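Undergrad: Before I ask anything, here is the structure I am working with.
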Amino acid sequence: MVSTQDIVVEVKLPRSLFANSGMTRQEASDALLRSYVLTLYRHDKISSGKAAQLLGVHKMSFIRMLSEEGIPYLDFTKDELDQDVEALSQWHKK
């Protein structure tokens, strides 16, 4: 169901592509939404909480989904991680 704050986006697909997918229209729509939300998340346009909300799943389910898609939940460089570990170590010593 479309709410008053939703928009409808039409995607034109070759009939053969849709037919070969074995998906219903709703399954294809859900898959496209999932892909769009994951893309927004991957490009830091939305948070993991917002992504989970848009997909109607709990945050842990979203984190699991990221793992299944090979998308990191925590995206640190080694230097950033080393800095965070050092900061935590210093904080713990206080």
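The values are calculated or read from the model by the stated rules, or taken from the named source; none is laboratory data. For clarity, every value in this text was computed on a predicted model and none was experimentally measured. So basically every Cβ, Gly included, is an ideal-geometry build from the backbone, and we count neighbours across all protein chains shown.
Undergrad: Kindly provide the set of residues from segment 55-94 that are among the aromatic types (F, W, Y) and farther than 30 Å from L33 by Cα, ordered by number. Give the steps one after another, and end with the answer.
TA: Start the filter on segment 55-94 by keeping residues that are among the aromatic types (F, W, Y), which leaves 62, 73, 76, 91.
The one that is among the aromatic types (F, W, Y) and farther than 30 Å from L33 by Cα: W91.
Undergrad: Can you say whether R64 is over 25 Å from V9 (Cα atoms), surrounded by 12 or more Cβ atoms within 10 Å (Cβ to Cβ), modelled with pLDDT of 90 or more and out of contact with any Pro (no Cβ under 7 Å at 6 or more places or on another chain), as far as the supplied structure shows?
TA: Numbers: over 25 Å from V9 (Cα atoms): yes; surrounded by 12 or more Cβ atoms within 10 Å (Cβ to Cβ): yes; modelled with pLDDT of 90 or more: yes; out of contact with any Pro (no Cβ under 7 Å at 6 or more places or on another chain): yes.
Criteria met by R64.
Undergrad: Working only within segment 8-34, note down all residues that are of a type outside the set (D, E, K, R), surrounded by 11 or more Cβ atoms within 10 Å (Cβ to Cβ) and out of contact with any Ser or Thr (no Cβ under 7 Å at 6 or more places or on another chain). Break it down stepwise before answering.
TA: Quick first cut of segment 8-34, residues of a type outside the set (D, E, K, R) only: 8-9, 11, 13-14, 16-24, 26, 28-29, 31-33.
Still in the running and surrounded by 11 or more Cβ atoms within 10 Å (Cβ to Cβ): 13, 18, 21, 23, 28-29, 31-33.
Of everything in segment 8-34, those that are of a type outside the set (D, E, K, R), surrounded by 11 or more Cβ atoms within 10 Å (Cβ to Cβ) and out of contact with any Ser or Thr (no Cβ under 7 Å at 6 or more places or on another chain) turn out to be L13, F18, S21, M23, S29, A31, L32, L33.
Undergrad: Can you tell me which condition E69 does not meet? The list is (1) among the charged types (D, E, K, R); (2) touching a residue at least 24 places away in the same chain (Cβ under 8 Å); (3) on the phi > 0 side of the Ramachandran plot, and all the others hold.
TA: E69 satisfies all of (1) among the charged types (D, E, K, R); (2) touching a residue at least 24 places away in the same chain (Cβ under 8 Å); (3) on the phi > 0 side of the Ramachandran plot except (3).
Undergrad: Within segment 23-53, track down each residue that is outside any helix (DSSP H, G or I), under 26 Å from I71 (Cα atoms) and not charged (D, E, K, R).
TA: Those that are outside any helix (DSSP H, G or I), under 26 Å from I71 (Cα atoms) and not charged (D, E, K, R): M23, H43, I46, S47.
Undergrad: Turning to a different aspect of this structure: Could you tell me whether L17 is of a type in the set (A, V, I, L, M, F, W, C) and more than 19 Å from the chain's Cα centre (by Cα)?
TA: Taking the combined requirement at face value, the residue satisfies it.
Undergrad: Tell me which of these A31 doesn't satisfy, since it passes every other one: (1) touching a helix residue (DSSP H, G or I) at 6+ places or on another chain (Cβ under 7 Å); (2) closer than 17 Å to V9 by Cβ.
TA: (1)
Undergrad: Go through segment 54-94 residue by residue and tally those that are touching a helix residue (DSSP H, G or I) at 6+ places or on another chain (Cβ under 9 Å) and either part of a helix (DSSP H, G or I) or within 19 Å of A31 (Cβ to Cβ) (or both).
TA: Number satisfying all stated conditions: 12.
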